[in-house]
Amino acid sequence: MRVSVIAKYLGFVLLFNALFMYISAVISIFLRETSITPLLYSAILCTIVGVFPQIFVEKTEELKPHEGIAISVLGWILTCIVGSIPYFMWGGEFTLTNAIFESTAGYTTTGSTILTNIEMLPKGLLFWRSATHFIGGMGIILFVLLILPNAKAARTSIYRSEVSGLSMLNFQMRMREIVRIIGIVYASLILAETIILWALGMTFFDAICHSFGTLATGGFSTKNTSIAFYNNIWIEITISFFMLLGGMHFGLIYATITGRKQNLFTSDVVKTYLAIIFIGILFISFKLVNDHVYNWGEAFRHASFQVVSLVTTTGFATVDTSVWPMFTIVVLIYFSIQCAMIGSTTGGLKFDRVYLFFQTFLKQIKQTKHPNAVYVLKMDKTLISSDIELQSMVYIIVYLVILLISTLALSAMDIDLITSFSGSVATLGTIGPGFGKTIGSMGNFSTLPDAAKYIFSTNMLLGRLEIMNVIVLLVSLTDKNK
Amino acid sequence: MLKSLRAKIFSSFMLLVLMLVIAGIMSIIEFNKVGVSIKNVMDDNYKSIEQTKQMLDALEREDSGLLMYLMGNREMGSQTINTAYSAIQDAIKIAQNNITEKDEDKYIHNIIKKYEEFHTSVKQTTDTSEQLTLEEKNEIYLQNQQLFFSAKKAINELMQLNQEGVYKQTNTMKENSKRAMMPAIVSIVAAIVFALLLNFFISEYFIRPINRLIDGVKSFYPEKGIINSGIKSNDEIKRLETETNNLIGRLLRLKNQSK
């Protein structure tokens, strides 16, 4: 593995982060806030350290596969660390652990927070917090690929390590084109949502921050009570709609807009995904009405928002779900595990894998009935190779094993089961809030021990990086025959 | 990418210097903010608190002066009232020229209003006290007490506002002093990382090619013709390899000619 080449690409990652730190610093300078020095110095530091490898390392055309994985994994880790510098330098509630937690929650688009009073943060820092969602939503590595100078082979290697095989199914085009489409869809949806939210009465600053949080499916709000602050049904509908879009395959969104045959309306996976969400909303609404928590209108309104928010791994809230009946919590936990679609900005297990799991399950039943028959798996009329099928099954198992290990480790710190389990689900699925009084939709992670925060941060990274890349990198580093 | 070794080394150290210089400047700016906060506390908030104390003291004296007047010690009472009035007016003027907190001017206007009501009442009492009985005097004094407490309350509110300001400024100072240290702390860590990286790049791009060249020279034999140490860069070390090969070529040609 060529360390110098990896350092060169990590330098690009730092430079890209620096760009957003400068923008945040300009906001702070303009508003004469206390976050000028933290943001400006962090930006300068990232620029200097990012430029440094470019002095030495020559342009590289070829990258080995494990170098691509190393750039992808280390790029994310480095990004989370440098992203915490402005928080740590600013102080307040941000200790080193808290700063790293907040930064990781931002970049991985988890949206969990340690802040007890978000509104006292300077606007520049609030923008930086939302900008980490924006960067992480599309993926820092894909952003770098978008702006990278022409080095086709190197780009392909990094791209393959960042984008899963399953998500490429709905992209029938070349890599460069795919990255461009993801960028266009992402930026256009953010712009559209910002304008609508602004028109609905949010300030421009809040509108842009919430749009970053929505399309990146992150969930950082500029208000302590999240979307509940606005108590505006139209804002809730708008955000729900864009959360749903943020959780769908960007290739399919692009295909729908450009009028291609295979689009959101013809996709069986999308139809099943939406049907399950609708059934979930109905179940929760019925239970809330039955338990006299809300009337039908209120129940449907809040159930819809919470289900869409959790299934798309966003984590915005309009109510405190910790007071909801246990049945509704169980349904919401299911959606937190299932998550949204592959090829979107979401993290976690992803619905496509769950869909594939049930297809495989049915295939196995048929195969047992007719041992000599040959059955093939299809998703949206595309044949699924046995490699992808196996990868998905292994991924589901590894995901659940990590969930179990994380819950066990947190329980060992005397953290109650609902917090340990729902916190693990929420961070591994990059959702944000968990369940229960402490880390529920209106709570935060501030009171948890530092070690727990590091476990949650690791979960977030694993959830965002889709686990396997991290394992492959660890194997590559320890493999003597690499 | 820079090509010459000199430019690479120079740029690396310049980046390190730049990082440390900026950290220094940022720290100076933040420490300057601490200084401003101290100035705000000492010069502004503390000055306002002192003036409110003066006002309270003068108000108490004016009240005592009224009591003296009503008790029959008119000359002493009148003198005390006049001195207290001047003291309060001076303190109000100073406070008006030392507005540091939001809405502080409104608080001062409230003091002026309440004090004027009290002082007017005191004046009216002293002007008419000769015709009053002891019971009437007692009743008027009690009425004045209401206005006295009202004025005192207004002054206390201003004092509280400035005390809160001091508390806020102290917290800001605490935060600013922490922030002033942060660029230095982060720079120390960054400088260590930078030094490790620099060490790696020097080893990768300077030491290793030189070692390869040394190995190439050591393992050279005339039949080989040239030294190929696999240096891919386009810097001084590559030129050294090229020139060494040229020298070898010239020496071999000389050797062949002498034969």
Inter-label distance, nm, simple model (7 Å from Cα along the C-beta direction), B:TYR221/B:SER203
3.3 nm
Taking A:322-332, A:420-430 and ranking on average Cβ neighbours within 10 Å, highest first, one gets A:420-430, A:322-332
Non-local Lys pairs in the range A:1-162, i.e. 8 or more apart or on different chains, that have alpha carbons under 18 Å apart
5
To the nearest 20 Debye, how big is the dipole of the range A:363-478 about its Cα centre, given +1 on the beta carbon of each Lys and Arg and -1 on that of each Asp and Glu?
460 debye
Counting only other chains, and only Cβ atoms inside 10 Å, what mean value do you get across the residues of B:182-190?
4
Give the long-range amide H neighbours of A:ILE384: residues separated by 5 or more places, or on another chain, with amide H under 5 Å away, using H modelled in the peptide plane at 1.01 Å from N.
A:LEU377, A:LYS378, A:MET379
Excluding same-chain residues fewer than 8 positions from A:LYS287, which lysines have a Cα within less than 24 Å of its Cα?
A:LYS437
Within 15 Å, Cβ to Cβ, of A:THR214, how many net charges do the neighbouring residues add up to if Lys/Arg are +1 and Asp/Glu are -1?
-1
Tally Lys/Arg at +1 and Asp/Glu at -1 over every other residue whose Cβ is under 9 Å from the Cβ of A:GLN262; what's the total?
+2
Given B:ILE210, A:PRO53, A:ILE237, which one lies farthest toward the positive end of the charge dipole of the protein assembly as shown, if we put +1 on the Cβ of every Lys and Arg and -1 on the Cβ of every Asp and Glu?
B:ILE210
Placing +1 at every Lys and Arg Cβ and -1 at every Asp and Glu Cβ, with all other atoms neutral, what dipole size does the protein assembly as shown have around its Cα centre, in debye to the nearest 20?
4700 debye
In sequence order, what are the phi-derived ³J(HN,Hα) couplings for the range B:220-226 according to the Karplus relation 6.51 cos²θ - 1.76 cosθ + 1.60 with θ = phi - 60°, rounded to whole Hz, with x for glycine and proline?
6, 9, x, 5, 5, x, 10
Determine which lysines satisfy two conditions relative to B:LYS255: a Cα distance under 28 Å, and not lying fewer than 8 residues away in the same chain.
B:LYS218, B:LYS224, B:LYS238
How high is the FRET efficiency from A:LEU417 to A:ILE81, r the C-beta distance, R0 25 Å, rounded to 0.05?
0.20
What's the FRET efficiency of A:ASN295 with A:TRP234 using the Cβ-Cβ distance as r and R₀ = 25 Å, to the nearest 0.05?
0.80
Average partner chain C-beta neighbours within 10 Å, per residue of A:44-57?
6
Tally Lys and Arg at +1 and Asp and Glu at -1 over the other residues with C-beta under 15 Å from the C-beta of A:TYR273: what net charge comes out?
0
For every helix of n ≥ 4 consecutive DSSP H residues, a contribution of -39,500 (n - 2.57) applies; sum these over the protein assembly as shown, divide by its total residues, and give [θ] at 222 nm rounded to the nearest 500 deg cm²/dmol.
-24500 deg cm²/dmol
Could you tell me whether the range A:363-478 comes out rounded, prolate or oblate from its Cα gyration tensor? Rule is a ≥ b ≥ c as square roots of the eigenvalues, rounded for a/c under 1.5, then prolate if a/b exceeds b/c, otherwise oblate.
prolate
How many nm is it between the label spots at A:SER385 and B:ASN138, if each spot is 7 Å from the Cα in line with the beta carbon?
10.7 nm
Checked the protein assembly as shown with the C-alpha gyration tensor, a ≥ b ≥ c its square-rooted eigenvalues, rounded below a/c of 1.5, otherwise prolate if a/b is larger than b/c and oblate if not; verdict oblate
Cβ-placed point charges (K, R +1; D, E -1), dipole of chain B about Cα centre in debye, nearest 20:
3520 debye
Neighbour cut-off at most 10 other Cβ (10 Å), DSSP loop, chymotrypsin sites (Phe, Trp or Tyr not before Pro), the range A:52-104
none
In nm, spacing of pseudo-spin labels at A:VAL26 and A:LEU282 (7 Å Cα→C-beta vector)
5.0 nm
Ranking A:MET21, A:VAL185, A:SER422 by how far each Cα lies towards the positive end of the charge dipole of chain A (+1 on Lys and Arg Cβ, -1 on Asp and Glu Cβ), the top one is A:VAL185
Please name whichever of B:MET55, A:SER386, B:MET19 sits farthest to the positive end of the charge dipole of the protein assembly as shown, dipole taken about the Cα centre and charges placed at Cβ: Lys and Arg +1, Asp and Glu -1.
A:SER386
In straight Cα distance, which lysines are under 16 Å from B:LYS93, not counting same-chain residues fewer than 8 positions off?
B:LYS47, B:LYS53, B:LYS106, B:LYS113, B:LYS114
Can you pull the mean other chain C-beta count within 10 Å for peptide B:25-36?
2
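We did not get these values from a lab; they are worked out from the coordinates using the rules stated. Treat the numbers as computed from the prediction; the structure is a model and nothing was measured. No Cβ is skipped: glycine too gets one built from the backbone with ideal geometry, and neighbour counts run over all protein chains shown.
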